[in-house]
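Following: one structure in C-alpha cells, then a few remarks.
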C-alpha cells in the first residue's frame, strides 16, 4: 500500500514543513482546524481541512487519540504523520494507527515504548555495551534507596523522569540533605507531565556538551547516521540554538559516536528518522542519554549540511521502501545554525509571552531558511508552544555560518510580543560561543544574569543597523567600537554607544 493522503496530527511550522514535502511527492494532505486557532497559517497550505473549530474539547484535539483516528478514517487518509510533540512518541497511538490499518509515519510502537522509557533504554544500552553514566539499573522506588545509591556513585547526581522528556521531571542533587525535597519534586512533576511518577538516578556530568546524532533506518535492518548536531546552548534542558556539525568532534570521534548511535537503533529494530542523544565530557568521553523516536525540531540543520530531506525519507520508509542512502554516501558540506525564535521574555527567565503578532519581517537569501507557522495577525497562545519561527542559516564553515547568522538576526523584526531575539543577538557576538568552547552550563555560568529588556528592542535594532553600516561600509579599523564583547548591555550603555557615532 502506497501513501496517497496524509493526515497531519499537528499544527504550526512542522505541519507546513510536512505539507511542503508531501506536495513534492504528490501526496495529498489533511489538517485539523482547532477551536483555539481557527485561522492558523498552516491551514492555508493543506489540500483539505477538517473543521473541529466549533468544539472546545477538554483536551487539545492533537492529544485526542480516538478523535485523530476518527478524523483520519472519515477523511480517507491512509497515513498519519505526528510531527513532533503531542502524540509523536506515544506508543499506544502508533499501535492504534496500525490497528485501524493506518500507516504511522514513524517507528514501530515497540521501539517507541522501549526508547520512550528511559530506564528500559538504559538497560538496552548497558546490554549492548553502550556507555552510560553510572547510576540506577531501574527505577528508584523511594528516597532511602535514592540516598543509598547517590552515596555509592557520588554527588552530584541527577534525578530523571523515566518517561517523557523536555527537561521535566529532572533535578540535580548536590548533597544528601537535598535528596528528599528534589526526589518528591521530580516525581510529582513527572506524574503531572507524563502520568508516570517513576524516576531513576545517574551521576551528574558537570559542564558537558550535548551532542545528538540523526539516524535513519528502514524496515529491512538498514540503519545509517547523518552526522551530529551540537545542542549545548540550552536553558533548563530546553534547547535554544543548534548547529551541525559540532566543533567539538573530529572525524574519529564522529565515526565512533555515529557507530554507537546506529548500534542502539539496531538493538530495537528501529526504522524511520530518529535521534540518539549523548553527553560529551571534557575528556571526550561520551555517554548515551536517550533516543527521540520522531523528527526533531532542529532537523533543518542536518538537512542543510547533508542535502537530505528527512520528511521525505520518513514517508518513503513508512511506504516500505528500502533506505536509498548508504553510510558512505553521507558527506557533510558546510555548517548550519538554527535559532529558535520564541515568544518569550528573556529577562523574565524565558517565560512565555503570549500575544498577537502586529508586525513581522524575516530575512531571505540563498543561505537562509525560515520555518514558521506564524504571520502578521497570528496569535501566540498559551495552549501551545511559544515558537514564532526557526531561523536556519548556512555557511561554508562555522565562522562563515556565524557571520551569516549575525546578519540574518539583525534583519529580523517582530512586534507584538517579547522574543528571544535579544538573546541570540548577544549570543552570536559572545567570545565563548565564537570559540565553540561553551557547554550546557553556558547560560547559567558564562553570561551575566541580566539580559537586554525587550522594551528596548527598537533601540537595539537601531544600534545593530549602525553596527552593520560600520562593518560593511567603512575601512577596516577606521572606527574602533567593541561590538564583540558578548556582554548583555543595559539600555543606558547602548544609548551611550550609539551616541559615539
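With outside the structural domain of residue 334 (by TED's automatic domain parsing) and out of contact with any helix residue (DSSP H, G or I) (no Cβ under 8 Å at 6 or more places or on another chain) as the only criterion, which of 236, 263, 195, 256 stands out? So the residue among 236, 263, 195, 256 that is outside the structural domain of residue 334 (by TED's automatic domain parsing) and out of contact with any helix residue (DSSP H, G or I) (no Cβ under 8 Å at 6 or more places or on another chain) is 195. Checking each residue in the stretch 350-376 for being touching a residue at least 60 places away in the same chain (Cβ under 8 Å), assigned to a loop (DSSP other than H, G, I, E, B) and surrounded by fewer than 17 Cβ atoms within 10 Å (Cβ to Cβ) picks out 354, 375.
The numbered conditions (1) over 24 Å from residue 285 (Cβ atoms); (2) in a helix (DSSP H, G or I); (3) under 26 Å from the mean Cα position of the chain (by Cα) are all true for residue 120 except (1). Condition check for residue 409 on (1) under 25 Å from residue 42 (Cβ atoms); (2) not in a helix (DSSP H, G or I): one failure, at (2). Exactly one residue out of 303, 290 is within 19 Å of the chain's Cα centre (by Cα) and not in a helix (DSSP H, G or I): that is 290. Within the stretch 40-67, the residues that satisfy the criterion of being free of Cβ contacts under 8 Å to residues at least 60 places away in the same chain, touching a strand residue (DSSP E or B) at 6+ places or on another chain (Cβ under 9 Å) and under 16 Å from residue 14 (Cβ atoms) are 43, 45, 46, 61, 62. So for the stretch 220-229 (the condition being without any contact (Cβ under 8 Å) to a residue 40 or more places away in the chain, surrounded by 23 or more Cβ atoms within 10 Å (Cβ to Cβ) and assigned to a strand (DSSP E or B)), does at least one residue qualify? So far as the stretch 220-229 goes, yes, one or more of its residues are without any contact (Cβ under 8 Å) to a residue 40 or more places away in the chain, surrounded by 23 or more Cβ atoms within 10 Å (Cβ to Cβ) and assigned to a strand (DSSP E or B). Of all residues in the stretch 230-247, none are farther than 22 Å from residue 389 by Cβ and either without any contact (Cβ under 8 Å) to a residue 24 or more places away in the chain or in a strand (DSSP E or B) (or both). From the list 89, 37, 55, which one is at pLDDT 95 or above, in a loop (DSSP other than H, G, I, E, B) and outside the structural domain of residue 269 (by TED's automatic domain parsing)? Only one candidate passes the filter, namely 89. Just one residue in the set 144, 137 is out of contact with any strand residue (DSSP E or B) (no Cβ under 8 Å at 6 or more places or on another chain), assigned to a loop (DSSP other than H, G, I, E, B) and surrounded by fewer than 20 Cβ atoms within 10 Å (Cβ to Cβ); that residue is 137. Per the listing 38, 60, the residue uniquely more than 24 Å from the chain's Cα centre (by Cα), surrounded by fewer than 19 Cβ atoms within 10 Å (Cβ to Cβ) and under 25 Å from residue 375 (Cα atoms) is 38.
Kindly indicate whether residue 191 is surrounded by fewer than 20 Cβ atoms within 10 Å (Cβ to Cβ) and over 29 Å from residue 86 (Cα atoms). Spelling it out, it is not the case that residue 191 is surrounded by fewer than 20 Cβ atoms within 10 Å (Cβ to Cβ) and over 29 Å from residue 86 (Cα atoms).
In the set (1) surrounded by fewer than 24 Cβ atoms within 10 Å (Cβ to Cβ); (2) outside any loop (DSSP other than H, G, I, E, B); (3) within 20 Å of the chain's Cα centre (by Cα), residue 265 fails one condition alone, (1). The single residue among 272, 232, 251 that is farther than 25 Å from residue 87 by Cα and surrounded by 20 or more Cβ atoms within 10 Å (Cβ to Cβ) turns out to be 232. Considering the conditions (1) surrounded by fewer than 18 Cβ atoms within 10 Å (Cβ to Cβ); (2) assigned to a loop (DSSP other than H, G, I, E, B), residue 312 is excluded by exactly one of them, (2). Quick check on residue 18: is it more than 23 Å from residue 300 (Cβ to Cβ) and either assigned to a helix (DSSP H, G or I) or in contact with a helix residue (DSSP H, G or I) (Cβ under 9 Å, 6 or more places away or on another chain) (or both)? No.
If the condition is being touching a helix residue (DSSP H, G or I) at 6+ places or on another chain (Cβ under 6 Å) and modelled with pLDDT of 95 or more, then the stretch 334-359 contributes 334, 335, 336, 337, 338, 339. Reported count of residues in the stretch 172-210, each being over 20 Å from the mean Cα position of the chain (by Cα) and not in a helix (DSSP H, G or I), is 16.
The values are calculated or read from the model by the stated rules, or taken from the named source; none is laboratory data. Remember, predicted model here, so these are calculated numbers, not experimental data. Note that each Cβ is placed from the backbone with ideal geometry, even for glycine, and that neighbours are counted across all protein chains shown.
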